Amino acid sequence: MLVTLGASPALAQWQASAGATAAYFHYEERATGGRTLNTERGTLPGLQLSLGYELSRGIRVRLTGTRYAEDVRYRGMTQSGRPLQTRTDTVLSFVDAELELPALRHNHWDFTPVLQAGYRQWQRHILPTGNVRGLEEVYQWYQVGAGVSACHSLGFWVFERGCARALAGYSFEGNVVVNLKELSAGEPSLRLGSKPGGALEVSVQAAAFEISLFSRYWQFGRSNPLTVNRPAGQLSIEEPASQSWLTGISARYRF
């Protein structure tokens, strides 16, 4: 934990950070046979806030919120099989709670076990084109993970410390709410299949500044078909299996 000169012992247990981030988002949906149905790709800028507390010597908890927002490229097909190119307004929100256990020291390396639990939300608005309706969806799911962080002192330029972290994760209790009000079919919710994922991060620290390179991966299995009623008749919908990558850089200031 960062200790500021002149801080009281109680305040020294707390640590906060704020920063900016930018990441390349890659999402793709796949048919049962593995064929790619559509992709969404683009750079998402974001902001990140974090608050940590030292419970006891070597045991820390941290709450982190990250939000990305921008439009990305959509490439896919309509239900009739025609090619479709448009943009998707994308808002990704992550809230993570982490528990760091006492570090194990070996050959000047500090190995810290990490446990993580989080909530995710993706607001997805595929924009309409001249002859194709748009589509609004909201994805929500939970994430748990476990892994290790390995840190070592550095003597390179202004950097004092470097760390690498790897987490194995699992996405579960996922669902997507589809806005079909324009079709008079309400807002049905589809249950997504739970799948494993993971995260990698490499960071360097210089005084109160920290720069990180990271990559996150998550996926969902295909949902079960759902039949909804509308005035023109019944409509069957389902969500395909999907994979997502978020790879980028972040810069944070700790205070």
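The values are calculated or read from the model by the stated rules, or taken from the named source; none is laboratory data. Keep in mind that this is a model prediction, so the values were computed, not measured. Note that we place each Cβ from the backbone using ideal geometry, even for glycine, and neighbour counts take in every protein chain shown. For accessibility, only protein heavy atoms count, side chains too; no ligands or nucleic acids. Shrake-Rupley method; radii C 1.70, N 1.55, O 1.52, S 1.80 Å.
Output the peptides 154-165, 213-224 sorted from most to least packed, where packing is the average of other Cβ atoms within 10 Å over each peptide's residues.
213-224, 154-165
How far, in nm, would the chain grow between Q13 and S93 when pulled straight, counting 0.36 nm per residue and subtracting the alpha carbon separation?
26.1 nm
Quick one: what are the phi-derived ³J(HN,Hα) couplings along the stretch 139-145, Karplus 6.51/-1.76/1.60 with θ = phi - 60°, whole Hz, x for glycine and proline?
Result, ordered by residue: 9, 9, 7, 10, 9, 10, x Hz.
Using amide H atoms built 1.01 Å from N in the peptide plane, name the residues 5+ places from L154, or on other chains, whose amide H lies under 5 Å from its own.
HN-HN under 5 Å from L154: R161, G162.
With a point put 7 Å past each Cα toward its Cβ, work out how far I59 is from T39 in nm, to one decimal.
Going by the 7 Å Cα→Cβ label model, 4.7 nm.
Ranking request for peptides 63-76, 225-238, 103-116, 181-194: highest mean number of other beta-carbon atoms within 10 Å first, then the rest in descending order.
Taking the mean over residues of other Cβ atoms within 10 Å, the ranking is 63-76, 181-194, 103-116, 225-238.
What distance in nm separates the simple spin-label points at Y119 and L47, each placed 7 Å from Cα in the Cβ direction?
1.9
Can you pull the accessible area of R30 for me, 1.4 Å probe, Å² to the nearest 10?
Here the accessible area works out near 80 Å².
Carbon and sulfur atoms: what percent of the 1.4 Å accessible area of the chain do they account for?
59
Quick one: check the C-alpha center-to-center distance for the stretch 238-255 versus the stretch 97-170, whole angstrom.
First find each Cα centre; the distance between them is then 8 Å.
In a shell of Cβ-Cβ distance under 10 Å around V177, excluding V177 itself, what net charge do Lys and Arg (+1) and Asp and Glu (-1) give?
It works out to a net charge of -3.
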